[in-house]
1. What pairs can you find where one residue is in the range 345-360 and away from ligand 1 (no atom under 16 Å from the Cβ), the other is among the hydroxyl-bearing types (Ser, Thr, Tyr) and open to solvent by 10 Å² or more (accessible area, probe 1.4 Å), and their Cβ atoms are less than 9 Å apart, with a gap of 6+ or different chains?
2. Kindly indicate whether Glu396 is of a type in the set (D, E, K, R), at pLDDT 95 or above and under 20 Å from the mean Cα position of the chain (by Cα).
3. Considering only the range 21-49, state which residues are open to solvent by 60 Å² or more (accessible area, probe 1.4 Å), part of a helix (DSSP H, G or I) and at pLDDT 85 or above.
4. Tell me which residues, restricted to the range 389-401, are touching a helix residue (DSSP H, G or I) at 6+ places or on another chain (Cβ under 9 Å) and away from ligand 1 (no atom under 16 Å from the Cβ).
5. From the list Phe342, Phe264, exactly one residue is part of a helix (DSSP H, G or I), open to solvent by less than 50 Å² (accessible area, probe 1.4 Å) and within 16 Å of ligand 2 (Cβ to nearest atom). Which is it?
6. Quick one: in the range 240-261, of everything that is of a type outside the set (D, E, K, R) and in a helix (DSSP H, G or I), which residue is farthest from Gln219 (Cα to Cα)?
7. Just one of (1) open to solvent by less than 50 Å² (accessible area, probe 1.4 Å); (2) in contact (Cβ under 8 Å) with a residue 40 or more places away in the chain; (3) not hydroxyl-bearing (Ser, Thr, Tyr) trips up Val72, so point out which.
8. Out of Lys283, Lys293, report the one residue that is in contact with a strand residue (DSSP E or B) (Cβ under 8 Å, 6 or more places away or on another chain) and not aliphatic (A, V, I, L, M).
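The values are calculated or read from the model by the stated rules, or taken from the named source; none is laboratory data. No experiment lies behind these values; they were computed from the predicted model shown. In this analysis, Cβ positions are derived from the backbone assuming ideal geometry, glycine residues included, and neighbour counts consider all displayed protein chains. With ligands, DNA and RNA removed, areas are computed over all heavy atoms of the protein, side chains included. Shrake-Rupley method; radii C 1.70, N 1.55, O 1.52, S 1.80 Å.
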Amino acid sequence: MAAEISRFESALSAAEKGLLALREDVARRIGQSEADIFTAQALVVRDNDLRTQVMSKIQQNLVNVEAALVDVIEKFTRAFEQVPDAYLRERASDIRDVGRRILAALAADDGTSALHIPDGSILVADELLPSATARFELSQVKALITERGGKFSHTSILARSMRIPALTGVQGARSKIQTGDKLIVDGMSGVLFVNPDKQIRREYERLEAELTGYRAGLQKGIDLPSVTLDGTVVPLLANASKVSDTEAAHLYRADGIGLYRTEFAFSIRSAFPTEEEQYQLLKCAAERMHPRKIVLRLLDMGGDKQLPYFPLPASRNPSLAQRGIRLLLKNQEVLKTQLRAFLRVSADHPVWVLLPVVGGLDEVRAVRAVLAQVMAEFTAQGIAFDPHVPVGAMIEIPAAATLTSVLAKEVDFFSLGTNDLVQYLLAADREDDSVADYYQPLHPSVLRTIRFVADAANGAGRPLTICGEMAGDPAYTELLLGLGLRAFSVAPGEMLEVKNAIRMATIPAAEALAKAALQLGSTSEITALLEQWRAAKSAS
Ligand code: PEP
Ligand code: MG
């Protein structure tokens, strides 16, 4: 709240300064009486009533300054519009103008300062882009509700990594929910209650207590190894997108960082971070995980992930346009800077370099050529790095999946990105709620592709880790083991549940489940099989 009030104060000063400058300019170019309009407007900016009403709205309604200001200006102009005196009625437009000016001053802040959110709030928005989400103090947020986006959108991934219940694709949420409403957000079954009655509240209080107890039980297993009942060790790594995630990963005893999404640090800035800035951040993360490895993924921009300072050509279909490694190869300076930062970290810590959205060998070779160039420069400059830094490919485009054994000859490891793989295999945009029904991780084609990739990677002796959201859902763990996956990278908050599922599985039983699933031809049959399997297991 204090942060919102200080934003308001700065915006008032900026608006007043702007008006006074305008007054001088108009007086000089047009005339004194015209300039006086702006003297009057400057007085409105400094009006005590306006100030106190906005502040009390921020404090009482727990809204941001923009929302409070719009409400108060609306109230002021309505009052002026109703007075009989024509001259005074005209003043309503001045007040609206002043409101716009203060809003512009608020919007002109550089977009990097943190936005305060009152503790325990539930955020309701049209869409939360990572750059905006990063500006909130998310630790204060109890839940997120957005009108756009799906379960596999980046907002959902970010929310999951922070263990915040999130509902996406809730149409009309902003008009149906008012500030001050009491909400229950059931992120597990995807249900939202607005001002629920006592019975529902009680039921959810009971559920919450049960969940807390269940989590406390899991917590007891924090030091247990990630190994199946029949003794197969399954490395369990963490997905991270910021340095603080490595702290959580460390807390949950992650075997390393299986996927570090570097985009996040880019999306919260107003310009490209320098090599030194990138190095400092990644070094902190790698230090925290040392001696365990950290898989640093090169910038995956494009598609739905955009940077305000890096405009991409408009595309009819951004997911099928320039993104990931394609985009980096077209912007070699960005690629080189990032590789330099990665390599510098590799001097002291086990760093693996991961290429996003790989389509084929040409891209791998092109990146390797740039890497070799950077390494040669480092050698000439006497900068330390690991010359054997492993280079891997994300398998997330079907073309790359079919080429796994070919790619295996030129990469050191693979990471299976099911979030994109599912969207590209099934032609269902992961961010588009209208096709969410078609985005089916249990589709027979997805399972067959996973099996094919696992066989090819295992056959070639290349480590393969699954890092898409499927990996973090304990309902899929046994099936994924049966399909041949032997390393999982999941959000830190999901590690204990997934480890629990690994510890309850045996490889022969998991293989029997996968074999049965692969014989089925539809998502609904596979879903039913998994449910039967789970029911039989919990009954035994
Ligand atoms: C994936 O596509 O599965 C993945 C892990 O990458 P991202 O979600 O960042 O696209
Ligand atoms: Mg991806």
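1. Val345/Tyr279
2. Values: of a type in the set (D, E, K, R): yes; at pLDDT 95 or above: yes; under 20 Å from the mean Cα position of the chain (by Cα): yes.
Here the answer is yes, as Glu396 does meet what is asked.
3. Leu43, Asn48, Asp49 - these are the residues of the range 21-49 that are open to solvent by 60 Å² or more (accessible area, probe 1.4 Å), part of a helix (DSSP H, G or I) and at pLDDT 85 or above.
4. Within the range 389-401, Val389, Val391 meet the criteria.
5. Values: Phe342 fails: within 16 Å of ligand 2 (Cβ to nearest atom).
Phe264 is the lone residue from the list that is part of a helix (DSSP H, G or I), open to solvent by less than 50 Å² (accessible area, probe 1.4 Å) and within 16 Å of ligand 2 (Cβ to nearest atom).
6. If we filter the range 240-261 for residues that are of a type outside the set (D, E, K, R), which is where we start, we get 240-241, 243-244, 246, 248-252, 254, 256-260.
Next, only the ones that are in a helix (DSSP H, G or I) stay: 243-244, 246, 248-251.
Values: Val243: 23, Ser244: 20, Thr246: 18, Ala248: 13, Ala249: 14, His250: 14, Leu251: 11 Å.
The qualifying residue farthest from Gln219 (Cα to Cα) is Val243.
7. (2)
8. Values: Lys283 fails: in contact with a strand residue (DSSP E or B) (Cβ under 8 Å, 6 or more places away or on another chain).
Criteria check complete, one pass: Lys293.
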